[in-house]
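Here's the structure, in structure tokens; my notes come after.
The values are calculated or read from the model by the stated rules, or taken from the named source; none is laboratory data. On a predicted model such as this, the values are computed, not experimentally measured, just so you know. Backbone-built Cβ (ideal geometry, glycine too); neighbour counts: all protein chains shown. Heads up: the accessible areas ignore ligands, DNA and RNA and are worked out on the full protein's heavy atoms, side chains in. Shrake-Rupley method; radii C 1.70, N 1.55, O 1.52, S 1.80 Å.
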Amino acid sequence: MRRRTVLATALLAAVATPGTARAADPGPSVTPTGTTTLDPQAIFFVSYDGLVNNNSFQKNGLLTYKGYQYAVWYTADRNAVVGRRPLGSSTWSTVKVGHTLRYNDSHNVISMGVSRVDGRLHLNMDSHSDGFTYVKSAAGLMDNPGGLSWATSRFGAPQSTLDGLALTSQFTYPQFIATPEGRLQLSYRVGISGNGRNALAEYDGTTWTALGEWTSSTGTYSSEHGSSTARNMYLHGIDYDRDGRLHSFFTWREQNGAVMCNGGGITNHDTGYVYSDDRGRTWRNNAGTVVGTTGGSDRVAVTDAGLVVDPLNPDHSLMNQESQSTDSAGRPHAIISYVPGRFGQCTTNYVADRTANGRAFHVRRNASGTWQKTEIPVPLNSSQRTKLVLDKYDNAYAVFPFGRIAGASKASGYTDWTLLYDGAGLNAFGEVVIDETRVAQDHVLSVMYQVRSTGTTPSALRVVDFRLPV
């Protein structure tokens, strides 16, 4: 009897107190709030179908920390610069860091990272299977931006090592990752396309340490067309979630073109996933089995079981280094793109075929641990990459080439993808850079893009801001 009375009282209270039910979470939306110009005449040249100031693997070309936003790029006279602004300001202050771009190669991007343990800004730049340039700021610069001047003197001299730590003579794709404790890690590739390994280094506020390589380039991969015995793993990202798990989606690129149906395609195949619960020291597949140890003899290899979460052969021009994120529950999400089979089973020109028929897909692991994939009904119209963002409500946003934005709601199970912003008026060249760090801080999506140009005529580099649901 007492149990019934308690239940009845609770029901009456709910009826008698209207408006107490939790409102449904809002769906995805983007509201443009302004555009600022970083550089009216930034360097422009097309290389590997992309630009050196806007490339998908540029982590981070744009970031937010303690109320200020930071951006990096090369000027028309090839100087590497860093800009900053207080959030909400339309004015960027810039400094040169003492380095000039060596080659017209779009791989040679500038990437930023912040070591919270000592408040430094770190830059790694200008590398494609060769040496790199490293610059770091004075300690504390990032902790007191309002009280410390923004000047070249705040940065140390450019180095060809990490404070004396020489990593490799074949270095590419620097990506800084902040650990939950405030240390800073650097992900990079050793070797070359089709024959390379991923590796990590770590900065503790005093010293850089090489943790070592964690992927393998060896082993045999066979398709219906032929075999390959060398490759590299291309990361879609490498990111910690709020609970400290390190996630990474990837695709493999084979060295031997014999695995393809046609030499005009690209040897990328399969979407894989691994994670680490010990700050990148050991790596596990989706089932939780250890498949590699950083710096050890057993590394993540194409022959390991349980890596592939979305199988695809090398005949569909699958793109490498697309995008990933994790939601509020720590579940991994990724964007991948390729030419679906309905357009044919053999791409013969990956740029032309992706531009004509390429589609992006949202891959994610649901609450039951099952992997799901949804095609985003927005044609790529480009050979290039799409970026992924999740807002505070776990709604998903795909930021396409040319600055177009599509969204899908968590409530729908990410099945209601629709175009939210068509990029009209931006005149963006192609790929864009997003501020991965700002969304969680003030629910604003910042997108850095470069205005379309021709040849080597410099063009404007800009940041457009969008308000997300709050």
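Is there a residue in the stretch 445-455 that is in contact with a Pro (Cβ under 7 Å, 6 or more places away or on another chain) and either in contact (Cβ under 8 Å) with a residue 60 or more places away in the chain or of a type in the set (S, T, Y) (or both)?
Scanning the stretch 445-455 turns up no residue that is in contact with a Pro (Cβ under 7 Å, 6 or more places away or on another chain) and either in contact (Cβ under 8 Å) with a residue 60 or more places away in the chain or of a type in the set (S, T, Y) (or both).
Just give me the residues in the stretch 43-77 being open to solvent by 20 Å² or more (accessible area, probe 1.4 Å) and either part of a loop (DSSP other than H, G, I, E, B) or of a type in the set (D, E) (or both), in sequence order.
Correct list: V46, Y48, D49, K66, G67, A76, D77.
Can you go through Y393, Y449 and tell me which one is in contact with a Gly (Cβ under 9 Å, 6 or more places away or on another chain) and assigned to a strand (DSSP E or B)?
Y449
Only residues in the stretch 145-159 that are within 19 Å of Y68 (Cα to Cα) count as the first member; pair them with residues that are in a loop (DSSP other than H, G, I, E, B) and open to solvent by 60 Å² or more (accessible area, probe 1.4 Å), Cβ under 7 angstrom, at least 6 apart or cross-chain, and list the lot.
P145/K66
Which of the numbered conditions does S323 fail, given that it passes all the others? Conditions: (1) out of contact with any helix residue (DSSP H, G or I) (no Cβ under 7 Å at 6 or more places or on another chain); (2) open to solvent by less than 40 Å² (accessible area, probe 1.4 Å); (3) closer than 21 Å to S217 by Cβ.
The number of the failed condition is (3).
Within the stretch 357-400, restricting attention to residues that are touching a helix residue (DSSP H, G or I) at 6+ places or on another chain (Cβ under 9 Å) and farther than 21 Å from V432 by Cβ, which residue is least open to solvent (accessible area, probe 1.4 Å)?
N357
Filter the stretch 85-113 for residues that are under 14 Å from P174 (Cβ atoms) and either outside any loop (DSSP other than H, G, I, E, B) or out of contact with any strand residue (DSSP E or B) (no Cβ under 9 Å at 6 or more places or on another chain) (or both) and give the result.
If the condition is that a residue be under 14 Å from P174 (Cβ atoms) and either outside any loop (DSSP other than H, G, I, E, B) or out of contact with any strand residue (DSSP E or B) (no Cβ under 9 Å at 6 or more places or on another chain) (or both), then H99, I110, S111, M112, G113 are the ones that fit.
Which condition breaks for G50 when tested against (1) under 18 Å from the mean Cα position of the chain (by Cα); (2) modelled with pLDDT of 95 or more; (3) closer than 26 Å to S115 by Cβ?
(3)
Of the residues that sit in the stretch 181-210 and are assigned to a loop (DSSP other than H, G, I, E, B) and open to solvent by less than 60 Å² (accessible area, probe 1.4 Å), which one is farthest from L123 (Cα to Cα)?
G194
Name the strands (runs of 3 or more DSSP E) wholly inside the stretch 268-360 in which the number of residues that are over 23 Å from V389 (Cβ atoms) and touching a residue at least 12 places away in the same chain (Cβ under 8 Å) is 3 or more.
In the stretch 268-360, the matching strands (runs of 3 or more DSSP E) lie at 268-276, 290-293.
Applying the selection to the stretch 133-144, what residues are buried (at least 18 other Cβ atoms within 10 Å of the Cβ) and either in a loop (DSSP other than H, G, I, E, B) or not hydrophobic (A, V, I, L, M, F, W, C) (or both)?
Residues satisfying the conditions are T133, Y134, K136, S137, L141, M142.
Specify the residue that is least open to solvent (accessible area, probe 1.4 Å); the eligible residues are those in the stretch 412-435 that are assigned to a loop (DSSP other than H, G, I, E, B) and β-branched (V, I, T).
V432
Yes/no per residue for (1) in contact with a strand residue (DSSP E or B) (Cβ under 8 Å, 6 or more places away or on another chain); (2) open to solvent by 30 Å² or more (accessible area, probe 1.4 Å):
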position	(1), (2)
T267	yes, no
W283	yes, no
T289	no, yes
T293	yes, yes
R299	yes, yes
L307	yes, no
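Consider S409 carefully, then state whether it is in contact (Cβ under 8 Å) with a residue 12 or more places away in the chain, more than 17 Å from the chain's Cα centre (by Cα) and either open to solvent by less than 10 Å² (accessible area, probe 1.4 Å) or more than 23 Å from D49 (Cα to Cα) (or both).
yes
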